[in-house]
Amino acid sequence: MSDEFEPKAAPNFAEGLYLAPMVRASTLPMRITATQLGATACFTDVIIDQKLMKSKRQVRNNGTPYPIVEYIVHDSSGNPNTAFQTCALEGPVICQIGSANDVYATSAVTKVDRDVSAFDLNCGCNVSFSTKGDMGVNRMFDLESTSAVLKAMVRATNKPVTVKTRLYHEIDPDNVGQRRDLEFLAMAEQAGVKAITIHARYPKDSRSAAVHWERLRLIRESANIPVIANGGLMTEDDITACQDASGCTSFMLARGAFSGISMFHRAPVDGIDFLAKLYDASVLCNVSMKNAKYNLNFGFKGRKALVPTEKRVALQLCKSFDEIGAVLNFGSAADVARRYSSDMETKRSNDSD
Ligand SMILES: Cc1cc2nc3c(=O)[nH]c(=O)nc-3n(C[C@H](O)[C@H](O)[C@H](O)COP(=O)(O)O)c2cc1C
């Protein structure tokens, strides 16, 4: 069997539930888990343009039926660092890029084009690692160069390009904020963008700040492209309330994707089952212990009754997947590989029937 596979086609973004880009968290295991639970498509964590440009593509055969395509970059001490990973278990994947430079953005898109379903430009991240490079929310305040970056991305690929941004602050009674929202939208549409995600908070807001879903309504009604609502969607009721306030039919889940029920499934999924899926996917992708523990810990939030404190403490001491599997009763790494190998055999025989 060939180690190569085609990325899935991107959705049209007009409806659905999307896994948000989240640094460290929206890595391959979480994207696979969200896909298995029904996510329409998943965004990657933000990947800085120059990191992708410097990376080298390789295909790693894990000893499971799912070889991992990965883009590796070495830090100044020569240590390998994964810029992007994907495999055949992945659903539609939107590669989010951090860029403030049209030439770099072009190179980054060209580099990974064959392995992703679509691209997104991050215009909403307000942490210093983005803003110091004039990326993230800073892109909201320089529409001319943001347009140049988006146009460069659109030129560099035949796949859809999307953008994720925030609401402009309402700074006076003349609705300056709303006018600027519409100017950003027009800029994105003119650049050829196929969908816009709006995190319904202001540029300087923290994640605990109030969300303003009602502000999305005017943007959605003015838009010729789908508007994906994001921010504060932690429960099913939040999605309904956001839909009522904004009229949006596409929703992006960030912290809610790790919550006690499966937000993608739109039906309760046992919390332990979610963690077991995340563990399996982490083993299959052979991610670093650091990433596996980070994601499992994220999943523990809201499941305190299901995962006692001593198990959470024990997890921190684990040095291998076998140890994690023993602490959480999920089986060894070899058990996971066997399970997925037999799944693959069943799929192959069904396909040939
Ligand atoms: C751990 C974490 C990492 C994040 N990293 C990114 C990122 O890489 N790119 C991005 O556009 N937003 C990032 N965000 C913001 C989320 O995509 C989302 O806009 C924000 O959390 C609001 O959604 P929520 O209220 O549902 O969590 C991150 C959020 C979290 C919690």
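The values are calculated or read from the model by the stated rules, or taken from the named source; none is laboratory data. All values reported here derive from a predicted model rather than from experimental measurement. All Cβ positions, glycine included, derive from the backbone under ideal geometry; neighbour counts span all protein chains shown.
Things worth noting here:
One line per residue, one yes/no per condition, for (1) away from the ligand (no atom under 16 Å from the Cβ); (2) among the small types (Gly, Ala, Ser); (3) within 18 Å of ASP113 (Cβ to Cβ):
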| residue | (1), (2), (3) |
| --- | --- |
| LEU150 | no, no, yes |
| ARG155 | yes, no, yes |
| VAL161 | no, no, yes |
| LYS164 | no, no, no |
| LEU167 | no, no, no |
| ARG180 | yes, no, no |
| GLU183 | yes, no, no |
| ILE198 | no, no, no |
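- Residue among GLN36, GLN58 that alone is free of Cβ contacts under 8 Å to residues at least 60 places away in the same chain and over 14 Å from the mean Cα position of the chain (by Cα): GLN58
- THR235 surrounded by fewer than 18 Cβ atoms within 10 Å (Cβ to Cβ) and at pLDDT below 90: yes
- Candidates are the residues of region 147-167 that are out of contact with any Ser or Thr (no Cβ under 8 Å at 6 or more places or on another chain) and charged (D, E, K, R); the one that is surrounded by the fewest Cβ atoms within 10 Å (Cβ to Cβ) is LYS151.
- Considering residues of region 18-33 that are among the aliphatic types (A, V, I, L, M) and surrounded by fewer than 24 Cβ atoms within 10 Å (Cβ to Cβ) only, the residue nearest to the chain's Cα centre (by Cα): MET22
- Some residue of region 212-220 being under 17 Å from PHE119 (Cβ atoms) and at pLDDT 95 or above: no
- Qualifying positions in region 322-333 - crowded, with 18+ Cβ neighbours inside 10 Å and touching a Ser or Thr at 6+ places or on another chain (Cβ under 7 Å): GLY325
- ARG60 within 13 Å of the ligand (Cβ to nearest atom) and at pLDDT below 95: no
- Region 200-216, subset touching a residue at least 60 places away in the same chain (Cβ under 8 Å) and within 21 Å of the chain's Cα centre (by Cα), residue nearest to the ligand (Cβ to nearest atom): ASP205
- Qualifying residue in region 172-194 (condition: in contact with a strand residue (DSSP E or B) (Cβ under 8 Å, 6 or more places away or on another chain), at pLDDT below 95 and of a type in the set (S, T, N, Q)): no
- Meets criteria (more than 29 Å from SER332 (Cβ to Cβ) and either more than 16 Å from the ligand (Cβ to nearest atom) or assigned by TED's automatic domain parsing to the domain that holds VAL116 (or both)) for ARG31: no
- Of all positions in region 217-230, at least one carries a residue that is surrounded by 14 or more Cβ atoms within 10 Å (Cβ to Cβ), within 10 Å of the ligand (Cβ to nearest atom), more than 18 Å from SER147 (Cα to Cα) and not small (Gly, Ala, Ser).
- Residues in region 127-146 that are among the polar types (S, T, N, Q), at pLDDT 95 or above and either under 27 Å from GLU70 (Cα atoms) or surrounded by 18 or more Cβ atoms within 10 Å (Cβ to Cβ) (or both): ASN138, THR146.
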